[in-house]
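The values are calculated or read from the model by the stated rules, or taken from the named source; none is laboratory data. Not measured: the values here are computed from a predicted model. Cβ: placed from backbone, ideal geometry, glycine included. Neighbour counts: every protein chain shown.
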């Protein structure tokens, strides 16, 4: 197996003391959200009548858990982020929110990669790609390919990663969208790693091949 590369840390510009305060606030928010989740889980199956669909629907709570995870990950608190993403994945699976499941898989893949759990990261990333392809949503396909690029770059497949990132970049440019801040930081690290491991000509060639492969 290829030796995993060490990735640079992200300086988000927030002093450590302030990050601790944010983390403490997130802990309280996460605890409150879990309480709401458990309450909903315990009672929603007993709901009957015209309000059934409104009260039974759990996507909003799952989305809130995903948002908590995003904030924690961007702040460097992977432990809290994983708690939130795991709960989001469980709830989105239960409520059959396929797109949110894809997001949760990608986010958990980032965290597994941070922890050096590369086999788990690859499995999550590949699962995310499969879900995105089944949904046939271009943005989700591009995002999931970029997530997979991070995993394979960290395990030595930097040229293939550069191709996938070229595909991702072309899709985002065509759609006129920007990645979310936490994801952008992850992808910028992957790009920096690929540039460091490839000579400039090889990187640009792989990037160009990937851009030409973009599906639309």
Query raised in the report: Just checking, how many residues over the stretch 172-216 are part of a helix (DSSP H, G or I), under 22 Å from residue 66 (Cβ atoms) and in contact with a helix residue (DSSP H, G or I) (Cβ under 8 Å, 6 or more places away or on another chain)?
Result: 10
Report summary line: Selection from the stretch 54-75 of residues under 24 Å from residue 148 (Cβ atoms) and over 14 Å from the mean Cα position of the chain (by Cα) yields 62
Report task. Only residues in the stretch 112-140 that are within 22 Å of residue 157 (Cα to Cα) count as the first member; pair them with residues that are outside any helix (DSSP H, G or I), Cβ under 6 angstrom, at least 6 apart or cross-chain, and list the lot. Result -> 118/4; 118/155
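Name the residue, out of 146, 81, that is closer than 18 Å to residue 209 by Cα, surrounded by 24 or more Cβ atoms within 10 Å (Cβ to Cβ) and in contact with a helix residue (DSSP H, G or I) (Cβ under 6 Å, 6 or more places away or on another chain).
146
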Requested in this report: Report whether or not residue 10 is under 30 Å from residue 188 (Cα atoms), at pLDDT below 85, surrounded by fewer than 20 Cβ atoms within 10 Å (Cβ to Cβ) and within 17 Å of the chain's Cα centre (by Cα).
Outcome: yes
Report summary line: If we ask which residues in the stretch 162-192 are over 16 Å from the mean Cα position of the chain (by Cα), in contact (Cβ under 8 Å) with a residue 40 or more places away in the chain and surrounded by fewer than 21 Cβ atoms within 10 Å (Cβ to Cβ), their number turns out to be 4
